[in-house]
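This report refers to the structure that appears directly beneath it.
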Amino acid sequence: MIDTALWIALALFSAAVALNFYRAVIGPSLPDRILAVDTMYMNSIALIVLFGIWLGSKDYFEAALLIAMLGFVSTIAVCKYLLRGDIIE
Amino acid sequence: MLDSILEGVIALTLIAGGAFAFIGSLGLTHLKDFYMRLHGPSKTTTLGVGCTLIGSLIYFSLREGPVIQELLITVFAFITAPVSSHMLAKSALHHKLKPDPRTRGNPIELQSERPKHTLEEEPQGDSPLP
Amino acid sequence: MIPPTRWLPMPVLSLLLLLVWLLLQHSISPGQWILGGVLAIVIPLVARPFWERQPTIKRPLKLIHYVLRVLKDIVVANLQVSRLILDPRGRMRPAFVEYPLTLKENFSITVLASTITMTPGTVSAHLRLDGKTLLIHALDVGDIQALIDEIHERYERPLMEIFES
């Protein structure tokens, strides 16, 4: 049962990443693209965790944590850049 | 018996997480203007990823004894998602992205005669260039 | 809640640091307790100048009640937003709402803004410079005044009691 659910979840998350990529490519404005990339970060965290379940290994947890932190910090940094023009004031 | 119930719960959280994340991304692709698109990822995708992490937590607890590390990522995601969506909305207002014509309310931030630098604090003093 | 002392200027932060350390190491051996304890004392002492005034939690029980309520509302709000996104006719009534704040402190305003973003079909977009108005974008709202009243009753008043009263 878990295997089937795992495949369904993997398919759904992959489709979500594809949709995000589409928005990042066409997105008419810069905030749109940043939003799409931020969402892609979140979805890839879930993909990595699902991959860890598939392989039966807990070690992917740390990669997911790192991606979560990097995604948040980079989103905030780019937003700051859009607001002011300087990343570091 | 208990194991099969827990397996059902794991399967449910995984599928629900995937469905929520997919709907969030669908909203990101389909909605009309940026401010509406912001709703999908900031709420739905966060809950989707949270569900998946909880599912993984139960799965590994079932296999190898109690594991609660995944809770860290979940809490982190739920704390940071509102902050980054607030910053994104702020930068969209700063760039004066046009909202959908059906949107009611015309905030002063979107009206055109405002000078620059009003969303952040005013620039202070002479910038100390070397 | 816990009174700060000279060596523990931020007791809640220290507790959280110790907890996160143990979770990250995934072990509760004595060595990890000692290492985590040292970090939990040293990091707040070093980082103290960066922090603004600490919020004081006046009613811990109310805080737990508030967190549970927000968790429930997150699920409800997600179902609501999913329904709106999947609705093929796309009947939405988006609106910008100016929410008048009564909270005063930065920390509680932050918590309120995050709650608003996570819960009832709304995203907090901008805090005006005077700190008295929060600009909110709502996805589907019929009566704007009703939305403001609901946020005030459901989220702002408990936060007021927990952090500021």
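Let's see how each residue does on (1) in a helix (DSSP H, G or I); (2) over 16 Å from C:Leu19 (Cβ atoms); (3) in contact (Cβ under 8 Å) with a residue 12 or more places away in the chain:
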position: B:Leu53; (1), (2), (3): yes, yes, yes
position: B:Arg63; (1), (2), (3): yes, yes, no
position: B:Val75; (1), (2), (3): yes, no, no
position: B:Val83; (1), (2), (3): yes, yes, no
position: B:Lys90; (1), (2), (3): yes, yes, yes
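Restricting to the stretch C:18-53, and then to whatever is at pLDDT 80 or above and exposed (fewer than 12 other Cβ atoms within 10 Å of the Cβ), can you tell me which residue is farthest from C:Trp7 (Cα to Cα)? Looking at the filtered set, the residue picked out is C:Ser29.
Picking from residues in the stretch A:22-44 that are in a helix (DSSP H, G or I) and surrounded by fewer than 16 Cβ atoms within 10 Å (Cβ to Cβ), the one that is nearest to the other protein chains (Cβ to nearest Cβ) is A:Tyr22.
Only one of the numbered conditions (1) surrounded by fewer than 16 Cβ atoms within 10 Å (Cβ to Cβ); (2) modelled with pLDDT of 85 or more is violated by C:Met1, and that is (2).
Annotation: of all residues in the stretch A:50-59 being facing chain B (nearest Cβ under 9 Å) and farther than 12 Å from B:Ala21 by Cβ, the one that is farthest from the chain's Cα centre (by Cα) is A:Gly56. Of the residues contained in the stretch B:80-91, one or more are found to be touching a His at 6+ places or on another chain (Cβ under 9 Å) and hydrophobic (A, V, I, L, M, F, W, C).
The set of residues in the stretch B:24-47 that are in a helix (DSSP H, G or I), within 15 Å of A:Val37 (Cβ to Cβ) and touching a residue at least 12 places away in the same chain (Cβ under 8 Å) comprises B:Gly24, B:Ser25, B:Leu28, B:Phe34, B:Gly40, B:Pro41, B:Ser42, B:Thr45. Among the residues of the stretch A:52-69, those that are touching a residue at least 12 places away in the same chain (Cβ under 8 Å) and surrounded by fewer than 16 Cβ atoms within 10 Å (Cβ to Cβ) comprise A:Trp54, A:Ala63.
Candidates C:Thr122, C:Thr133, C:Thr117: the one that is in contact with a strand residue (DSSP E or B) (Cβ under 6 Å, 6 or more places away or on another chain) and farther than 23 Å from C:Arg69 by Cα is C:Thr133.
In the stretch C:29-47, the residues that are under 12 Å from C:Leu17 (Cβ atoms) form Cβ pairs under 6 Å with partners that are part of a helix (DSSP H, G or I) and among the small types (Gly, Ala, Ser), at six or more places apart or across chains, as follows: C:Ala40/C:Ser14; C:Pro44/C:Ser14.
Of the set (1) over 17 Å from B:Leu28 (Cα atoms); (2) assigned to a helix (DSSP H, G or I), all apply to C:Leu135 but (2).
How many residues are under 18 Å from A:Asn43 (Cβ atoms) and more than 7 Å from every other protein chain (Cβ to nearest Cβ) when one looks only at the stretch B:62-77? Number of matching residues: 1.
Select from the stretch B:7-23 the residues that are within 7 Å of chain A (Cβ to nearest Cβ) and under 17 Å from A:Leu35 (Cβ atoms) and write down the one among them that is surrounded by the most Cβ atoms within 10 Å (Cβ to Cβ). The qualifying residue surrounded by the most Cβ atoms within 10 Å (Cβ to Cβ) is B:Ala21.
Is it the case, given these coordinates, that C:Val75 is outside any helix (DSSP H, G or I), closer than 18 Å to B:Pro82 by Cα and of a type in the set (A, V, I, L, M, F, W, C)? Show your work before the answer.
On the way: outside any helix (DSSP H, G or I): no; closer than 18 Å to B:Pro82 by Cα: yes; of a type in the set (A, V, I, L, M, F, W, C): yes.
No; evaluated as a whole, the condition is false for this residue.
Take the residues in the stretch C:87-117 that are within 11 Å of chain B (Cβ to nearest Cβ) and in a helix (DSSP H, G or I); name whichever of them is surrounded by the most Cβ atoms within 10 Å (Cβ to Cβ). Across the stretch C:87-117, the extreme among qualifying residues is C:Thr117.
Only a single criterion out of (1) more than 11 Å from the chain's Cα centre (by Cα); (2) facing chain C (nearest Cβ under 8 Å); (3) aromatic (Phe, Trp, Tyr) is not satisfied by B:Tyr59, namely (2). The numbered conditions (1) within 7 Å of another protein chain (Cβ to nearest Cβ); (2) assigned to a helix (DSSP H, G or I); (3) touching a Phe, Trp or Tyr at 6+ places or on another chain (Cβ under 8 Å) are all true for A:Ala5 except (3).
In this structure, does A:Ile48 turn out to be under 21 Å from B:Tyr59 (Cβ atoms), assigned to a helix (DSSP H, G or I), out of contact with any Pro (no Cβ under 7 Å at 6 or more places or on another chain) and modelled with pLDDT of 90 or more? Can you show your working first?
Working: under 21 Å from B:Tyr59 (Cβ atoms): yes; assigned to a helix (DSSP H, G or I): yes; out of contact with any Pro (no Cβ under 7 Å at 6 or more places or on another chain): yes; modelled with pLDDT of 90 or more: yes.
Yes; evaluated as a whole, the condition is true for this residue.
Annotation note: of C:Lys72, C:Lys58, the sole residue that is among the basic types (Lys, Arg) and at pLDDT below 85 is C:Lys58.
The values are calculated or read from the model by the stated rules, or taken from the named source; none is laboratory data. Nothing here was measured: the structure is a model prediction, and the numbers come from that model. With ideal geometry, Cβ positions are generated from the backbone for all residues, glycine too; neighbour counts draw on all protein chains shown.
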